[in-house]
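Heads up: the structure comes next, in structure tokens.
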There are 6 protein chains.
Amino acid sequence: MNLERKKVAVFRKEHFNAAHRLHNPNWDDATNTAVFGKCNNPNYHGHNYELIVQVTGYPDPQTGYVMDMKVLSDLIWEHALNLFDHKNLNEDTTAFKHLNPTAENIAVVIYDLLRPQIDAALDLKIRLYETERNFVEYPA
Amino acid sequence: MNLERKKVAVFRKEHFNAAHRLHNPNWDDATNTAVFGKCNNPNYHGHNYELIVQVTGYPDPQTGYVMDMKVLSDLIWEHALNLFDHKNLNEDTTAFKHLNPTAENIAVVIYDLLRPQIDAALDLKIRLYETERNFVEYPA
Amino acid sequence: MNLERKKVAVFRKEHFNAAHRLHNPNWDDATNTAVFGKCNNPNYHGHNYELIVQVTGYPDPQTGYVMDMKVLSDLIWEHALNLFDHKNLNEDTTAFKHLNPTAENIAVVIYDLLRPQIDAALDLKIRLYETERNFVEYPA
Amino acid sequence: MNLERKKVAVFRKEHFNAAHRLHNPNWDDATNTAVFGKCNNPNYHGHNYELIVQVTGYPDPQTGYVMDMKVLSDLIWEHALNLFDHKNLNEDTTAFKHLNPTAENIAVVIYDLLRPQIDAALDLKIRLYETERNFVEYPA
Amino acid sequence: MNLERKKVAVFRKEHFNAAHRLHNPNWDDATNTAVFGKCNNPNYHGHNYELIVQVTGYPDPQTGYVMDMKVLSDLIWEHALNLFDHKNLNEDTTAFKHLNPTAENIAVVIYDLLRPQIDAALDLKIRLYETERNFVEYPA
Amino acid sequence: MNLERKKVAVFRKEHFNAAHRLHNPNWDDATNTAVFGKCNNPNYHGHNYELIVQVTGYPDPQTGYVMDMKVLSDLIWEHALNLFDHKNLNEDTTAFKHLNPTAENIAVVIYDLLRPQIDAALDLKIRLYETERNFVEYPA
């Protein structure tokens, strides 16, 4: 089988927990409450985030792997999730010091952290579940 | 971060229950039974449908949202699911009076109901689970 | 290992779909609507029911089985689910001709159908999911 | 069918999000870190909690319900989850002002909030998922 | 509704169990262990594989089906899963006699087995879960 | 709150993969095939096992924990799952050298391995999923 011409996507799912608050510092409190509702609570709330990292390319004919899932998992933790797990995204991270930690923005930030760590010949996509009912994908 | 150039998909999952029957009125009973089997039961059967609505676009730099999930959820119920939830799709709805309520057709109908309610700059996609093992996506 | 003195519960999960309507024929329409709400829809609605049958006893030392799961699955279908799958519980079944098909009552009916089919030395329990968020167990 | 002699358990699942921090104020920082690890982060982290409330009793022969799930859901929110959803358990609640918000303690607190709201003839049990892999049940 | 111009994807999920071992016969044992770790165990390990087969095309206006899910399920078993279910992929199958049974390769093999069985006008895609946390998709 | 009188169960979920074969060496091949069917395949098949360990007792008033879930997870791996994960249960383990590796027997074996490692004042129960549809619990 000539795997070099068969493009496959591989997916690795990871889990992390964090506190956050949605807030735009350029707005007054009434506007923040009107737009973000309960998610604007000044003392924060939190989530169990489920992250799925998708890497797409041609399987290596020697291994049959697009990428070793153990290596991918380690990269995800070393370069992204160790910064966020059991943290307050607004208070404890540089990424969200001046960026609203919506699911959309967290997905983009994780993409930007992982992109330099993954072989440039491989495509990268991030899916992030904030809850079972609300999730995002980047790039779309 | 220049979010205006980062296209993100956001997904909202909703749940509804309905009765339905698969049936082609142009066919005789034997053909309907041969094609639709148990799903042709004249007294109907039913499902817990899981609906995932995907909206794709550029996050608003003020909110970090492609679209407010609460607004999206309200639109889904107001313009689509209130018509179908705890209903008999064949008997209680205009959409399926003359259209077979297969998962494929339900997904297309929901798309057509929601498309005018969502900003034209945003892409829309519907995923509908009829059971955990049978589901559809439109547009493909 | 003396398995004869080690009591183990085994569980088998099955899936069926049905239409139903909650209704008390001794009440007027206003009372039925007040009590059962959308579930009283005269044209029915429906569900994907998940059934978990629990059988408890001592593993057979020759097989290591409390009960063969294939045999249990066949009994569940032959004596219970074939009566209900892709049916209208109110219209197509004798069990619910004069019994309101609430999840509680469906669980009791399934128990009563299966109890004579299972060795009397084994305990039997039924768990029934009407939706992911509403489920029942009998006997409690 | 004489339902009055058939005891059934009914279960309702609800979801809430909260921030929290595990901390014993009687201990120094080193002890808190040694015991609670990442969960002691002073700026909090958070979870999507899944709550399952179990109520056990005899179905009402008029309704076939042990308890109306809509009524149960409303009680859960009015008397418990509205206090915790999108909140910081340590900072925003009286229940955890002086009580460590472990899953065990949250389950006991929710039980104590709901017990007076449920008919004394019915048994009550709480299952709380802090993550998919860590959960608790009370009373055991 | 002109369904002939509405392209829909339909998905069918199936389950199978198998033993396997990851191994490159061109490498020595040390290299195999270094690359494949626990997955190189000479006596095999195993998985519950979840397979999702996606078929994309235009619904038939007579049925409202892109493809009958019962027909698709039967094709999946007849032409692919009967070869692998409750088997040792390395020992009991011709497909993996000389091909490493990584999730990537299993997905490609299943695609190649099913492609000739599905109408050429329909697109085909395979998603395969080796575990809940590791899965692949082909073609990507 | 007097937690010392409030008994709580805590649950920890872990995952492992293994190959196995159901076989009774005292029977001839025809009997083994008749009883165990595809599960008797001489070259083995395999599963993703999900293990839930339940520990019941009184929360420690200093921590609010019945037991530290990290400690419990480490005990589960050190004393049980490291013996079985990515192994052939029949060939690679002493526990199943002469014991048929049914789900019932695996649950009893894991109980017996963990029981001496858990404080005798705490109750222990094992739930083991062989597949999503077949699972067991011990002691029942």
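The values are calculated or read from the model by the stated rules, or taken from the named source; none is laboratory data. No experiment lies behind these values; they were computed from the predicted model shown. We place every Cβ from the backbone using ideal geometry, glycine too, and count neighbours over all the protein chains shown. Areas reflect the complete protein model, heavy atoms only, side chains present, ligands, DNA and RNA absent. Shrake-Rupley method; radii C 1.70, N 1.55, O 1.52, S 1.80 Å.
For the reader, a short list of remarks on this structure follows.
- Of the candidates A:Tyr58, A:Tyr44, the single residue that is hydroxyl-bearing (Ser, Thr, Tyr), in contact with a strand residue (DSSP E or B) (Cβ under 9 Å, 6 or more places away or on another chain), at pLDDT 95 or above and open to solvent by less than 40 Å² (accessible area, probe 1.4 Å) is A:Tyr44.
- Region E:98-110 residues that are closer than 17 Å to E:Glu50 by Cβ, paired with ones that are assigned to a helix (DSSP H, G or I) (beta carbon under 6 Å, 6 or more apart): E:Pro101/E:Leu89; E:Ile110/E:Ala80
- Contact map, region F:36-50: first residue among the charged types (D, E, K, R), second residue open to solvent by 20 Å² or more (accessible area, probe 1.4 Å), Cβ cut-off under 8 Å, separation 6 or more or different chains; pairs are F:Lys38/E:His86; F:Glu50/F:Lys13; F:Glu50/F:His15; F:Glu50/F:Tyr129.
- A:Asp92 surrounded by fewer than 21 Cβ atoms within 10 Å (Cβ to Cβ) and touching a Phe, Trp or Tyr at 6+ places or on another chain (Cβ under 6 Å): no
- Here C:Ala80 meets the list (1) in contact (Cβ under 8 Å) with a residue 40 or more places away in the chain; (2) touching a strand residue (DSSP E or B) at 6+ places or on another chain (Cβ under 9 Å); (3) crowded, with 18+ Cβ neighbours inside 10 Å almost entirely, failing just condition (1).
- Members of region F:1-33 that are more than 30 Å from D:Thr131 (Cα to Cα), among the hydrophobic types (A, V, I, L, M, F, W, C) and either in a strand (DSSP E or B) or within 9 Å of another protein chain (Cβ to nearest Cβ) (or both): F:Leu22, F:Trp27
- If the condition is being closer than 18 Å to C:Pro59 by Cβ and either in contact with a Lys or Arg (Cβ under 7 Å, 6 or more places away or on another chain) or open to solvent by less than 20 Å² (accessible area, probe 1.4 Å) (or both), then region F:101-125 contributes F:Pro101, F:Thr102, F:Ala103, F:Glu104, F:Asn105, F:Ile106, F:Ala107, F:Val108, F:Val109, F:Ile110.
- Where E:Thr31 falls short, out of the listed (1) of a type in the set (Ser, Thr, Tyr); (2) within 16 Å of the chain's Cα centre (by Cα); (3) surrounded by fewer than 20 Cβ atoms within 10 Å (Cβ to Cβ): (2)
- Of residues in region A:34-62 being among the polar types (S, T, N, Q) and outside any strand (DSSP E or B), the one farthest from A:Leu22 (Cα to Cα): A:Gln62
- Extreme residue, nearest to the other protein chains (Cβ to nearest Cβ), among residues of region A:63-108 that are in a loop (DSSP other than H, G, I, E, B) and closer than 30 Å to E:Thr102 by Cβ: A:Gly64
- Looking only at region C:126-140, and only at residues there that are among the charged types (D, E, K, R) and without any contact (Cβ under 8 Å) to a residue 24 or more places away in the chain, the one that is most open to solvent (accessible area, probe 1.4 Å): C:Glu132
- Taken over region D:114-140, the criterion of being assigned to a loop (DSSP other than H, G, I, E, B) and either more than 9 Å from every other protein chain (Cβ to nearest Cβ) or touching a Ser or Thr at 6+ places or on another chain (Cβ under 7 Å) (or both) is satisfied by D:Ile118, D:Asp119, D:Ala120, D:Ala121, D:Leu122, D:Ala140.
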